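One structure is given here, and the rest of the page talks about it.
The values are calculated or read from the model by the stated rules, or taken from the named source; none is laboratory data. Nothing here was measured: the structure is a model prediction, and the numbers come from that model. Counting neighbours? That spans all protein chains shown, and the Cβs are built from the backbone with ideal geometry, glycine included.
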Amino acid sequence: MAEAAAGRDTGVRGGADGVLAARGRVHGPLLDRLLQEPYYALPAPKTTGKELFHLGHLRDALAGFGTLPAEDVVATLTMLTARTVADAVRSVGATEVIASGGGTGNPVLMRMLGELLPGVPVRASDELGLPSGAKEAYAFAVLGFLTLHGLPGTSPASTGARHPSVLGSVTPGRYGLRLPPPVRELPTRLILE
């Protein structure tokens, strides 16, 4: 079951549009065990990935529960995602959630998140003109703009970096590179038209 639950089509997205998660039931003891992961208690800013959350991590969490239906494991992982996001939202006193990325295509995840955050509107960035699936492309475009203008792309308050830094480098192509004039102020808004 762990392989099915961690597979590409049955992960946090829960299969095609959350269908697998919708067919399952959250397994309370498994959810409790997963929530004991010390990473969740670390203060922001923080980041992790496959070095911590991988198939072995899930297999370890499943130990002792016998064979759980894949649908229940995926429903539980979906609730884990909703719960940890909701906890983070509450910790900063957010009054609205603008969600983007693949999870917005999972109605089960979005429903769970809304239920865990009563009174806090939860909407997809698509409603504001930023396609959920294009979030990373827009982010890299902004980082590229900042780099081209010699502006920092990190902020210690949000990334944990020691100091603001210009990110990356620009390598001139065959015909050289003409940089724009320096900008003295960081942009404060991204307007999509």
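Could you go through the stretch 69-77 and let me know if any residue there is assigned by TED's automatic domain parsing to the domain that holds ARG111, surrounded by fewer than 19 Cβ atoms within 10 Å (Cβ to Cβ) and either in contact with a strand residue (DSSP E or B) (Cβ under 8 Å, 6 or more places away or on another chain) or over 22 Å from GLY102 (Cα atoms) (or both).
Yes - at least one qualifying residue is present in the stretch 69-77.
Being within 20 Å of VAL89 (Cα to Cα), of a type outside the set (Asp, Glu) and in a helix (DSSP H, G or I) is true for just one of LEU30, LEU34. Which residue is that?
LEU34
Considering only the stretch 134-191, state which residues are touching a residue at least 12 places away in the same chain (Cβ under 8 Å) and either among the β-branched types (Val, Ile, Thr) or at positive phi (or both).
VAL142, THR147, GLY150, THR154, THR159, GLY160, VAL166, GLY168, VAL170, VAL183
Name every residue in the stretch 104-158 that is part of a helix (DSSP H, G or I), among the β-branched types (Val, Ile, Thr) and assigned by TED's automatic domain parsing to the domain that holds ALA22, in order of residue number.
If the condition is that a residue be part of a helix (DSSP H, G or I), among the β-branched types (Val, Ile, Thr) and assigned by TED's automatic domain parsing to the domain that holds ALA22, then THR104, VAL108 are the ones that fit.
Going by what's in this entry, would GLU193 be described as among the acidic types (Asp, Glu) and loosely packed, with under 10 Cβ neighbours inside 10 Å?
yes
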